[in-house]
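No value in this document is a laboratory result; all are computed from the given coordinates. Since the structure is predicted, the reported quantities are computational estimates derived from the model, not experimental observations. Cβ: placed from backbone, ideal geometry, glycine included. Neighbour counts: every protein chain shown.
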Amino acid sequence: DAGVTQSPTHLIKTRGQQVTLRCSPKSGHDTVSWYQQALGQGPQFIFQYYEEEERQRGNFPDRFSGHQFPNYSSELNVNALLLGDSALYLCASSFGTGWTDTQYFGPGTRLTVL
Amino acid sequence: KQEVTQIPAALSVPEGENLVLNCSFTDSAIYNLQWFRQDPGKGLTSLLLIQSSQREQTSGRLNASLDKSSGRSTLYIAASQPGDSATYLCAVAPGDTDKLIFGTGTRLQVFP
């Protein structure tokens, strides 16, 4: 049983470019959350997708957008990249929106913006 | 606004020591609290999940306690090993949203 997978592993972009990160949830999970983790910091919640809709959103600008597909996989898109967007982007999956289950995190995508 | 703080920020101990990592949160209205482990440049591995109605959880050499009224949790690691070296993150699930709020972590090094 595969856990949460993310692609790509590493990515290097330049300022102003756009990037798309991908996440496949753990088998049986239907909810995907995205987090940004800057170096030396704890992860910060970006948004959560359930039933192909954005349910919750953290304090991130509209440059950050996402999508969830019918197979529950998800994409995170970031437009007009800034140097400060350099971070480890983590995807987490769970079943439903209750909090009785543990969230499972993927290995992350390391984004470097030059 | 919920804030999560972890003390100490870093810890270096010799192998075999018992140690305690601390986590505090400002709003006691939480659904649960989790402790995660993160190896350098890697994702998060959930270690222990404590529901708001529980006081503690144990898994092997790990024991986590929760005191909601005082806004505190501790992670106790018994007989530490070099393989325990990692960053330990505490996260709370607030009562009014579905997101996790993380502390900045405690970086643990256990040397032989």
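Would a scan of the stretch A:4-27 turn up a residue that is surrounded by fewer than 21 Cβ atoms within 10 Å (Cβ to Cβ), within 30 Å of B:Arg107 (Cβ to Cβ) and free of Cβ contacts under 8 Å to residues at least 12 places away in the same chain? Looking for residues that are surrounded by fewer than 21 Cβ atoms within 10 Å (Cβ to Cβ), within 30 Å of B:Arg107 (Cβ to Cβ) and free of Cβ contacts under 8 Å to residues at least 12 places away in the same chain, one finds none in the stretch A:4-27, hence no. Residue count for the stretch A:12-45, restricted to those that are part of a strand (DSSP E or B) and within 14 Å of chain B (Cβ to nearest Cβ): 12.
The requirement of being within 14 Å of chain A (Cβ to nearest Cβ) and either of a type in the set (S, T, N, Q) or free of Cβ contacts under 8 Å to residues at least 24 places away in the same chain (or both) is satisfied by B:Ser59. Scanning the stretch B:83-100 for residues that are within 11 Å of chain A (Cβ to nearest Cβ), more than 12 Å from the chain's Cα centre (by Cα) and not in a loop (DSSP other than H, G, I, E, B), which turns out farthest from B:Lys42 (Cα to Cα)? Only one residue fits best here, namely B:Pro94. Evaluate the stretch A:18-39: report whether one residue or more is more than 17 Å from A:Pro107 (Cα to Cα) and small (Gly, Ala, Ser). The answer is yes; a qualifying residue exists.
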